[in-house]
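Enquirer: The structure follows.
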Amino acid sequence: MLFLSFENRKRRRAYGGSAFVEIQFCRLPSGTPIEKIVAVDSIKHFADDSLYVDDENEFCRTYGDILDCGIYNNLQSGRVDPYGINYYTPEAVVLIVKRLEAKKPEGYEVFLEWLEKAKVCNGFYILGI
């Protein structure tokens, strides 16, 4: 299974510690400047409602083209960086959902269901290892 979720930190730690790519809702309010959204100080790792990936290479191979619209900490944009901050706007969520439904990569159903919840947030992050 490519995507994992955990009820709490204790279960996540029991599974494998902290060496995960974390897919997390952005809970900063709409209208927050992009510089603040992608700032390291704005990130709070290991949310209980995050999705986790423990094989970043497979994740990037499978989802790299679909997730090519993230904004990095340096305000550049491109393919998902499994070692950094990637922010996806609410508009990007709509695009990603369309791409997932068209390509149907491994595990997409889990990701798609999670993304439906992201529509009420200010997008989402992919936080690298």
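Enquirer: Go through the range 78-99 and give me each residue that's of a type in the set (Ser, Thr, Tyr) and modelled with pLDDT of 95 or more.
Expert: Start the filter on the range 78-99 by keeping residues that are of a type in the set (Ser, Thr, Tyr), which leaves 83, 87-89.
Those that are of a type in the set (Ser, Thr, Tyr) and modelled with pLDDT of 95 or more: 87, 88, 89.
Enquirer: Kindly check whether there is at least one residue in the range 56-67 that is farther than 23 Å from residue 100 by Cβ, within 15 Å of the chain's Cα centre (by Cα) and not aromatic (Phe, Trp, Tyr).
Expert: Taking the range 56-67 and keeping what is farther than 23 Å from residue 100 by Cβ, we get none.
No, the range 56-67 contains no residue that is farther than 23 Å from residue 100 by Cβ, within 15 Å of the chain's Cα centre (by Cα) and not aromatic (Phe, Trp, Tyr).
Enquirer: Can you report the number of residues in the range 111-129 which are among the hydrophobic types (A, V, I, L, M, F, W, C) and at pLDDT 95 or above?
Expert: 7
Enquirer: Can you tell me which residue within the range 23-70, out of those that are of a type in the set (S, T, N, Q) and over 21 Å from residue 120 (Cα atoms), is surrounded by the most Cβ atoms within 10 Å (Cβ to Cβ)?
Expert: My answer is 62.
Enquirer: Quick check on the range 12-30. Is at least one of its residues on the phi < 0 side of the Ramachandran plot, among the β-branched types (Val, Ile, Thr), under 12 Å from the mean Cα position of the chain (by Cα) and modelled with pLDDT of 95 or more?
Expert: yes
The values are calculated or read from the model by the stated rules, or taken from the named source; none is laboratory data. What you are looking at is a predicted structure, and each value in this text was computed from that prediction instead of being measured. Neighbour counts run over all protein chains shown; Cβ positions are idealised from the backbone, glycine included.
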